[in-house]
Amino acid sequence: MSTPATHVWQPSTARTVVLDGFVPVPRGTQPAVPALPIWPLKDPNDVLDYQFDVSAALAGNPGDGISTLSVTIAPDNPGDLTLNSALANGAIAVLWLAAGQSGTVYTVTVTITTFSGRTLARSILLPVYSLSSLPVLPDDLITNTGLILIDQNGNPILITGS
């Protein structure tokens, strides 16, 4: 007789971006504008949890945490990346993201308000590429819709020049 297992869900640390824009700089120097953070590649078929840790913004303020969060995604066309749900776990925003167009790098902007009234907004890049199928090679013959033409054995038909 089998017994159903009870699981405690915990977000994956494999897809965590940590806010690092609160690093002090020496007096008299200009802070460099940091590059946008980036999450690991996502396949269009994946539905995964992505984390944004804002602990650095709350350092020295015990008890403060994320009160509300708002998420916008660009581009935002039919078939693009979608937000399935968002939740907060202390100083960590957890976003469940799905879909997306292969070959597109999305900008996910997270705006957070804390219990003490702080507000911060950051954009994070999420590249979406088809990881579950073979990439299109330069010599592959493709249709107008982007499908690779194959022969009767499943091999791609190549364009050969003379």
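The values are calculated or read from the model by the stated rules, or taken from the named source; none is laboratory data. These numbers come from a predicted model, not from an experiment. Glycine also receives a Cβ, built like all others from the backbone with ideal geometry; neighbour counts cover every protein chain displayed. When the accessible area is computed, the model is the full protein with side chains, heavy atoms only, and any ligands, DNA or RNA have been set aside. Shrake-Rupley method; radii C 1.70, N 1.55, O 1.52, S 1.80 Å.
Below are the figures for this structure:
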{"quantity": "Qualifying residues in the stretch 31-53 (those that are touching a strand residue (DSSP E or B) at 6+ places or on another chain (Cβ under 6 Å) and hydrophobic (A, V, I, L, M, F, W, C)) - the one nearest to S132 (Cα to Cα)", "calculated": "L41"}
{"quantity": "Residue match in the stretch 121-133 (condition: open to solvent by less than 50 Å² (accessible area, probe 1.4 Å) and among the aromatic types (F, W, Y))", "calculated": "no"}
{"quantity": "First in the stretch 1-29 and within 22 Å of D49 (Cα to Cα) and in a loop (DSSP other than H, G, I, E, B), second anywhere and modelled with pLDDT of 75 or more and basic (K, R), Cβ under 8 Å, 6 or more apart", "calculated": "L19/R122"}
{"quantity": "Per-region count, the stretch 3-16, residues modelled with pLDDT of 65 or more and open to solvent by 100 Å² or more (accessible area, probe 1.4 Å)", "calculated": "4"}
{"quantity": "Qualifying position, being outside any strand (DSSP E or B), open to solvent by 60 Å² or more (accessible area, probe 1.4 Å) and either modelled with pLDDT under 90 or touching a Leu at 6+ places or on another chain (Cβ under 7 Å) (or both), among A32, A57", "calculated": "A32"}
{"quantity": "Total residues in the stretch 104-116, condition open to solvent by less than 50 Å² (accessible area, probe 1.4 Å) and part of a loop (DSSP other than H, G, I, E, B)", "calculated": "0"}
{"quantity": "For A74: the one exception among (1) modelled with pLDDT of 95 or more; (2) touching a helix residue (DSSP H, G or I) at 6+ places or on another chain (Cβ under 9 Å)", "calculated": "(2)"}
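For (1) in a strand (DSSP E or B); (2) among the small types (G, A, S); (3) open to solvent by 50 Å² or more (accessible area, probe 1.4 Å), each residue gets a yes or a no:
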{"residue": "L48", "(1), (2), (3)": "yes, no, no"}
{"residue": "Q51", "(1), (2), (3)": "yes, no, no"}
{"residue": "P62", "(1), (2), (3)": "no, no, yes"}
{"residue": "T72", "(1), (2), (3)": "yes, no, yes"}
{"residue": "P78", "(1), (2), (3)": "no, no, yes"}
{"residue": "N84", "(1), (2), (3)": "yes, no, yes"}
{"residue": "L87", "(1), (2), (3)": "yes, no, yes"}
{"residue": "L95", "(1), (2), (3)": "yes, no, no"}
{"residue": "Q101", "(1), (2), (3)": "no, no, yes"}
